[in-house]
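Here, each number is a calculation from the coordinates, and none is a lab measurement. What you see is a predicted model; the values in this text were computed from it and never measured. All Cβ positions, even for glycine, are placed from backbone atoms using ideal geometry, and neighbour counts span all protein chains on display.
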Amino acid sequence: MIRFVEIVEARDHRSSRYTLSEVWINGEYVVNLREGSRYKQLLNEGQLPSDLDAHHEFTTITVNNGNGTEAHVVLGEIAVVATKLGRNSHTLLKG
C-alpha cells in the first residue's frame, strides 16, 4: 500500500468544495494514470485549498475495486506517482 494525498470533492446542490485527505492505494490494482489537468485549472482559479501553491501537479489514479473502478486525484506529477507505484515508462499498466 502506498500513501498519497488526495483531493476530495464535496458537492452540494449549489457548489463544490475541495479538501485534502490521505489515501492508501494498493499498486497491484492500479489500472491507469492520467494527468489531472482539470485540477490544475481549479488551482489557478483559487478553488482548491489555500495551502496548495501554483507549482503543484495532479494525477488521476484509476483503481480496480472488484466491481468496477474508482478514480483518485492525488497530488504529484504523473512521473513521480508512477515511480511511487513502482512503474516506469517501460512498464505496462494493467488495463
Label-point separation in nm, VAL80 to ASN32, each point 7 Å along Cα→Cβ: 2.4 nm
Full-extension gain in nm, ASN67 to HIS55, via 0.36 nm per residue minus C-alpha separation: 0.8 nm
Within region 1-79, trypsin sites (Lys or Arg not before Pro) in DSSP loop having at most 10 other beta-carbon neighbours inside 10 Å: ARG14
Given the chain, longest segment not containing exposed loop GluC sites (Glu not before Pro) (DSSP; at most 15 other Cβ within 10 Å): 1-44
Cα centroid separation, region 1-31 to region 46-70 (Å): 6 Å
Whole-number percent relative contact order across region 1-90, with pairs defined as alpha carbons under 8 Å at least 6 apart: 28 percent
